[in-house]
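Before any comments, here is the structure.
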Amino acid sequence: MGCRESWRCYTGAITFAPLSQRPRGGGVTMQQVTVRVPASTSNIGAGYDCLGVALRLYNSVTIIRGKMHRARHSQIVSDAAEAFFEKARRRPFLFLCSIVEQIPRCRGLGSSATVRLGVLLGLNRLSGNPLNRVNLFKLCADLEGHPDNAAPASFGGFTVVQSSASTLSAQRKRGACATVQRFDVASRLSFVLLVPELEIETARARRILPSKISRVAAVENCANACAVTAAFASRDYEKMRGNFSDNLHQPFRRKLIQFLPRVISAAERAGALGAFLSGSGSAIAAITLGVPEKIATAMARAATVRAYTIITHADNRGAQLLSVRRPHSAIRH
């Protein structure tokens, strides 16, 4: 059974630091910022590691700076903080981090990118904005190991990243940078997500990919990725129909998600422009100009596993600062 928008589809976890770790001394020295970061569906079929779309499904990250005991952060938060302070050349400070999650983890919807980017943006704001949005994107992409979720999460809309994940490290050493092109996505385009209970770790999904493919397969992938990109750029979305097949990752990840071909076929028969594995999975995304409820029902029936569906649209804004709380005045009379 399909449902509209993220708030009905996933009950997220709220993680707060223990009371003993919260800021002391009232609100006089406390600074707080909340960042909302959109989910993303990446690869979009043949655009492996370079194409992505931000979606109206969000995680919110709150960073609190103040006088406090040292907090114990998860590894993903600690790594992002360490990378930020090093890149920004700012003295590290103690902070608390809480995350409200609407995006399911380990499903290929960019959950890890939202957390990393939320921490980076929050710390940047509380440090006086030493880094611009492009630098923060590059930092997030480096932490992720691939840029196709970091780009739409940062800038919103449909994004094309010039450099692949395998060249990011080398480019950074040469002083070059990944180039992002973005395009707004019209609201008439709907995205239908099938989200199985099955979790897939990105590292595992990458290990099963071959080191080489044939020239014919590579040419077909280039043609399909170009066709999808042109359709998004021109907003002539009907022209992306039939151009989502892939030879780089989906055929091999079927070993982990055996129902993938059935769900894709069901979505296309129900009227979708096309369907594809979202990132490394296990979520499967379909794109349509109409009848999203019919497509959601067809995908759920074809999956034959426990799963739920989300019907949503593209987010064209990217990560946003929702609120900033500054210290109260310390003037005494």
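Out of curiosity, is ALA151 crowded, with 22+ Cβ neighbours inside 10 Å and under 21 Å from LEU321 (Cα atoms)?
Judged against the criteria, ALA151 is a match.
Among the residues of the range 128-154, what is the count of those that are touching a residue at least 40 places away in the same chain (Cβ under 8 Å), over 16 Å from GLY52 (Cα atoms) and assigned to a loop (DSSP other than H, G, I, E, B)?
So the count comes out to 2.
Taking only the range 193-228 into account, find how many residues are over 16 Å from LEU109 (Cβ atoms) and in a helix (DSSP H, G or I).
Total meeting the criteria: 18.
Can you name the residue in the range 21-69 that is charged (D, E, K, R) and at pLDDT below 70 and is also nearest to LEU248 (Cα to Cα) among such residues?
Top of the filtered list is ARG22.
Name the pairs whose Cβ atoms lie under 7 Å apart, with the first residue in the range 83-94 and free of Cβ contacts under 8 Å to residues at least 24 places away in the same chain and surrounded by fewer than 17 Cβ atoms within 10 Å (Cβ to Cβ), the second aromatic (Phe, Trp, Tyr) and not in a loop (DSSP other than H, G, I, E, B), and 6 or more positions between them or separate chains?
PRO92/PHE85
Which members of the range 274-308 meet the condition of being touching a strand residue (DSSP E or B) at 6+ places or on another chain (Cβ under 7 Å), surrounded by 24 or more Cβ atoms within 10 Å (Cβ to Cβ) and outside any helix (DSSP H, G or I)?
Scanning the range 274-308 gives ALA275, PHE276, LEU277, SER278, GLY279, SER282, ALA283, ILE284, ALA285, ALA286, ILE287, THR288.
Which ones in the range 129-184 are closer than 23 Å to VAL228 by Cβ, at pLDDT 90 or above and over 16 Å from the mean Cα position of the chain (by Cα)?
Across the range 129-184, the qualifying residues are GLN181, PHE183, ASP184.
Look through the range 277-333, keep the residues that are modelled with pLDDT under 95 and within 21 Å of ARG188 (Cβ to Cβ), and return whichever of them is nearest to the chain's Cα centre (by Cα).
My answer is SER278.
Can you tell me how many residues in the range 63-122 are touching a Pro at 6+ places or on another chain (Cβ under 9 Å), of a type in the set (Gly, Ala, Ser) and assigned to a loop (DSSP other than H, G, I, E, B)?
Residues in the range 63-122 being touching a Pro at 6+ places or on another chain (Cβ under 9 Å), of a type in the set (Gly, Ala, Ser) and assigned to a loop (DSSP other than H, G, I, E, B): 3 in total.
HIS313 versus (1) touching a helix residue (DSSP H, G or I) at 6+ places or on another chain (Cβ under 7 Å); (2) surrounded by fewer than 22 Cβ atoms within 10 Å (Cβ to Cβ); (3) not polar (S, T, N, Q): which is the lone unmet condition?
Every listed condition holds for HIS313 apart from (1).
Taking the stated definitions as given, is ARG215 over 21 Å from LEU57 (Cβ atoms) and surrounded by fewer than 14 Cβ atoms within 10 Å (Cβ to Cβ)?
yes
The values are calculated or read from the model by the stated rules, or taken from the named source; none is laboratory data. Owing to the predicted nature of the structure, the values given are computational and were not obtained by experimental measurement. Glycine gets a Cβ as well: all are built from the backbone with ideal geometry, and neighbour counts include every protein chain shown.
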